[in-house]
Amino acid sequence: MSKYLVVVESPAKAKTINKFLGPSYIVRASYGHVRDLPKSDLGVDIANDFQPKYVTPKDSAKNVKALQEAAKKVDMILLASDPDREGEAIGWHVAALLEKSGKPVQRIVFNEITKRSVKEATKHPRAIDQDLVNAQQARRILDRLVGYKISPWLQWAVKKGLSAGRVQSVAVRMVCEREAEIRAFVPEEYWTLEALLETPRNEIFTARLSRVAGEKPVIGNEATMQQILQKLDGATYNVANIETKEVRRRPFPPFITSSLQQEASRKLGFSPRKTMILAQQLYEGIALGADGTDGLITYMRTDSTRIANEALDEVRQFIRENHVPEMLPEKPNFYASKKGAQDAHEGIRPTVPARTPEKVAAYLDDDQLKLYTLIWKRFTASQMTPAILDQTIIDINAADCEFRASGSVMKFQGFTILYEETIEDKNSEDENAALLPQVNAGEKLDQRELKPEQHFTKPPPRYSEASLIRALEENGIGRPSTYAPTINTITERGYVERDKGRLKPTELGDQVNTLLVANFPDILDLGFTAQLESDLDHVEEGTREWHELLRAFYKEFEKDLTIAQKKMITELIGEEPKCPKCESKMELREGFFGLYLSCTRHPECDGRISVKKKASAEPTDEICDLCGAPMVLRLGRFGKFLACSKYPECKNTHKVDKAGNKVDTGPKEPPKKTDQKCPNCGAFLLIRKSRRGEEFYGCEKYPKCKFTKPMELGIKCPKCNTGELVSKLAGRRRFYGCDRYPDCDYTIFGQIDKNVVCGKCSNPWTYVTKGKGKPTMRKCPLPKCSFEEEIEEAEA
């Protein structure tokens, strides 16, 4: 009989750990959370001090039963979930469900999944940290209160299917406010002046105007520039001062979650979500051939740059053996973590510093290798010596103007031999020249050319995924585990979209943000949200009671919610309604058939009132081409459209573009008759066009006979080169596959484009994919070609 049951979250993690422990251990996965708040109800008893009502999700019931059966066969249960709030809470929920087994339960934690770390952790079990659990419970209940209470209101105000979130709504606000700054930005003209100068030794360099009459120049128009040029006409240029100094550039600290997501976005083009998926794989374990399975990196959800002494010794030994002595500093480099960081964790690093990317390349796919290489280089470079540059500044006087030339030369590469961080939105004007000629103070220079140049100020750039994460982190919004899910949520819900690698709000996002900011100013306030995150940290540290935090939050939140709901209910019902059964107050809820008013005493009282929002319509200048009545702009399932104001008497409609302007689609092309017969009724088949412009065969007796079949594509299967590609249907999703299936399993999802060849291998056709909240991509169908490019939606 095994002595211990070890419970982890994922089967991949279980598989790796199982290889480290002997026959005395059974390792099982919980497959994530085994208990959560119910989906169909608030699940929080507000009147009973915010008591949560936890249930086991249906898809977790089988896993829970397997854990309960395994618990009967052991003497002790060890909870080995991830070393953070979420992991502690998962362990706590597992312990609650296994309580009936009567077996003692203890917690083990490790920062890396290696044989050494896991075995060491089993020697030092501890009790569950209730402060960590309470911090996670408080966060979960806060998120549920905000989402469950505001989302129905939002769906009434805008449209069905929308949701609000405590962190996601603030992120949308930041994107919307940046876009508002860009729209309101008015470019301002300014001028710069560069002088091309020659030394007595015939060496030429460039200097920029830095001062006029002792002040920083403000040149707002051409007339001001001409005045300066007149001053410099015939002026003598003399070297006034030369300053040369040695500058040291320190290495960058090891990655934390946010910096890894940012750098992977800038350097590798990975989304935060993709980065975290790959990091999870590297953390949970990779099969390394004869070396067995091992986790390649430490835990990837961390905000601490601390590194264990053992790892510091190992990386310093690696640098000593593989680089010149000057690359190793006398003492290890230490980096300060940001305020409030959880120093129980380490920074993200390779578990074995000597395990170079070259040594593991054969066992990783391309993306895994790219991310591991990034982490390995950053960590190794963080323990190398600084780069040393000789920086020179030359000041030149001419009339009452001063010019400055600056440059730097790398004297010693230091850590830069291995790693350089990518700088986003870099200003070329701030870059230093590589080298300046030798000059002496007091020396006269010949002016060869003056180069005045007109510029205009630029608006702030839109957020990229990397810069939005940085802004969230700087404002104290969210935590390491929430950055990737937040960005994923706001794009998938259609509040934010990607435009040339940048994030911009959609019309829906702008509309939702305006409503939320107006009606829930505290929830959408950056300072308030950051303070809430800080309060949750205090709960984790044991310095604040979690129920008291929830009470303080809900007191203010309820005021905003009551005012917003009162406005809405007044518009729907005309007055503040009372429960038809018990005369209590009513609140807005969402049911299967839409919104309704429910008694606040639910479930004790089941009183309800049905509500229906009147469809709003925006007036336009368009006239109905069928009946002459004005047309209005309405919102339907597929977005905005023009409709006749006399509906339902006149059912005329037209498509509109994003700006709401009528789109003239022209007369509909009549179907083409063929000589093929319908197999159902014997009538002729016609070639028809779908809403997406794709041709298909349909019976001429439609709608009496609804037989259809896809058109022949005339394209050979790119995989087997024998079969033909045909259109198929999986559920309601159309795709293309080989007609030799199951002998050939080739499939593609997207629209085939015979007019555009592959930009890499010149295959005569490509296909276009468009996912919800994802960019439109053109791809090559050949399995051996990796060509793909983002394209504009209009091009698609």
Quiz item: So between residue 367 and residue 222, what do we pick up on full extension, going 0.36 nm a residue minus the alpha carbon distance?
Solution: 47.0 nm
Exercise. Taking 7 Å along the Cα-to-C-beta vector as the label spot, tell me the residue 358-residue 423 distance in nanometres, rounded to one decimal.
Key: 3.1
Quiz item: How much accessible surface does residue 534 have with a 1.4 Å probe, in Å² rounded to 10?
Solution: 40
Exercise. May I ask you to list the lysines whose Cα is less than 27 Å away from that of residue 331, ignoring any residue fewer than eight positions away on the same chain?
Key: 245, 339, 377, 411
Quiz item: What does the charge add up to near residue 720, with Lys and Arg as +1, Asp and Glu as -1, over the other residues with Cβ less than 14 Å from its Cβ?
Solution: 0
Quiz item: If you take the alpha carbon radius of gyration of region 377-428 and divide it by 2.2 N^0.38 Å, what ratio comes out, to two decimals?
Solution: 1.66
Quiz item: Can you give the accessible area of residue 640, probe radius 1.4 Å, in Å² rounded to 10?
Solution: 80
Quiz item: Roughly speaking, to the nearest percent, how much of region 177-270's 1.4 Å accessible area is carbon and sulfur?
Solution: 46
Quiz item: At a Förster distance of 25 Å, what's the computed FRET efficiency of residue 744 paired with residue 788, Cβ-Cβ distance as r, to 0.05?
Solution: 0.65
Practice problem: Could you check the simple spin-label distance between residue 151 and residue 120, using points 7 Å along Cα→Cβ, in nm with one decimal? | Solution: 4.3
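Divide by every residue of the chain the summed helix terms, -39500 (n - 2.57) for each DSSP H run of at least 4, and state the resulting mean residue ellipticity at 222 nm, rounded to the nearest 500 deg cm²/dmol.
Details: 17 runs with 228 residues, N = 796.
So the calculated ellipticity at 222 nm is -9000 deg cm²/dmol.
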Exercise. Using θ = phi - 60° and the Karplus relation 6.51 cos²θ - 1.76 cosθ + 1.60, list the HN-Hα couplings for region 95-107 in order, rounded to whole Hz, with x at every Gly or Pro.
Key: 4, 5, 6, 9, 4, 5, 5, x, 8, x, 10, 9, 10
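Using 0.36 nm times the number of residues separating residue 645 and residue 336, minus their current alpha carbon distance, what extension gain do you get? Don't skip to the end; give the middle numbers.
Numbers: separation 309, 0.36 × 309 = 111.24 nm, distance 6.48 nm.
Roughly 104.8 nm would be gained on extension.
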Quiz item: Cα-based Rg (one decimal) and Dmax (whole number) for region 1-159, in Å?
Solution: 17.6, 61
Quiz item: So which aspartates and glutamates pass the test for residue 673, namely a Cα distance under 15 Å, with those fewer than 8 places away in the same chain ruled out?
Solution: 695, 700
Exercise. Could you work out how far apart the two model spin labels at residue 457 and residue 570 are, taking each label as a point 7 Å from the Cα in the direction of the beta carbon, and quote it in nm?
Key: 4.2
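What is the dipole size for region 129-170, taken about its Cα centre, with +1 at each Lys and Arg Cβ and -1 at each Asp and Glu Cβ, in debye to the nearest 20?
Details: 7 positive and 3 negative charges, 68 e Å.
Dipole about the Cα centre, nearest 20: 320 debye.
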Quiz prompt | Cβ-defined net charge surrounding residue 388, 9 Å radius [Lys, Arg +1; Asp, Glu -1] | solution = +1
Exercise. Return one whole number: the accessible area per residue of the chain in Å², for a 1.4 Å probe.
Key: 53
Practice problem: Exposed loop chymotrypsin sites (Phe, Trp or Tyr not before Pro) only (DSSP loop, at most 14 other Cβ atoms within 10 Å): please give the longest stretch of the chain free of them, not including the sites. | Solution: 335-591
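What does the charge count around residue 107 come to, taking other residues whose C-beta lies under 9 Å from its C-beta (Lys +1, Arg +1, Asp -1, Glu -1)? Kindly include the intermediate steps, with their values, before the conclusion.
Numbers: positive: 126; negative: 88, 129.
Summing Lys/Arg as +1 and Asp/Glu as -1 gives -1.
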Exercise. Just the number, please: carbon plus sulfur as a percent of the accessible area of region 618-658, 1.4 Å probe, no ligands or DNA/RNA counted.
Key: 54
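The values are calculated or read from the model by the stated rules, or taken from the named source; none is laboratory data. The structure displayed is predicted, hence computed values, not measured ones. Glycine gets a Cβ as well: all are built from the backbone with ideal geometry, and neighbour counts include every protein chain shown. Protein only, heavy atoms only, side chains kept; ligands, DNA and RNA dropped before computing areas. Shrake-Rupley method; radii C 1.70, N 1.55, O 1.52, S 1.80 Å.
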